[in-house]
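For reference, the structure is listed below as structure tokens.
No lab work stands behind these numbers, since they all come straight from the coordinates. Quantities reported herein were computed from a predicted structural model and do not represent experimental measurements. Note that we place each Cβ from the backbone using ideal geometry, even for glycine, and neighbour counts take in every protein chain shown.
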Amino acid sequence: MFGESFFKKVQDKTNIDKDTIMSLASKLQSSDMKDEKVLRELVQEIGGLTGKSVPKEKEDKIVGAILKDNVPDIDKMI
């Protein structure tokens, strides 16, 4: 699905290695992405992995976008 160059780009930007990305992807697949509490926990976990705090306002925007299926294309984010 994603090549090594994708994981290299993500790691260069976030300092998160491929194994951590794959573990997080597995967790995302088994999570209820329409459950606001679950989404907020995931946002905070990802923030922690990247070493960045996610302010409440930004968390609200991220969770709202996911709940409304209004998430941008991942290629544009990288």
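Listed values for segment 60-65 are Karplus-derived 3J(HN,Hα) couplings in whole Hz (6.51 cos²θ - 1.76 cosθ + 1.60, θ = phi - 60°), namely 4, 5, 5, 4, x, 5, and x replaces Gly and Pro. For segment 4-77, the relative contact order works out to 25 percent when only alpha carbon pairs closer than 8 Å and six or more residues apart are counted.
Going through the cross-link list Lys27/Lys58; Lys9/Lys58; Lys8/Lys34; Lys27/Lys61; Lys8/Lys56, which pairs have a Cα-Cα distance over 27 Å in this structure? Exceeds cut-off: Lys8/Lys34; Lys8/Lys56. Size descriptors for the chain: radius of gyration and Dmax over Cα atoms are 12.8, 33 Å. Computed from point charges on the beta carbon alone (+1 for Lys and Arg, -1 for Asp and Glu), the dipole magnitude for the chain about its Cα centre is near 180 Debye.
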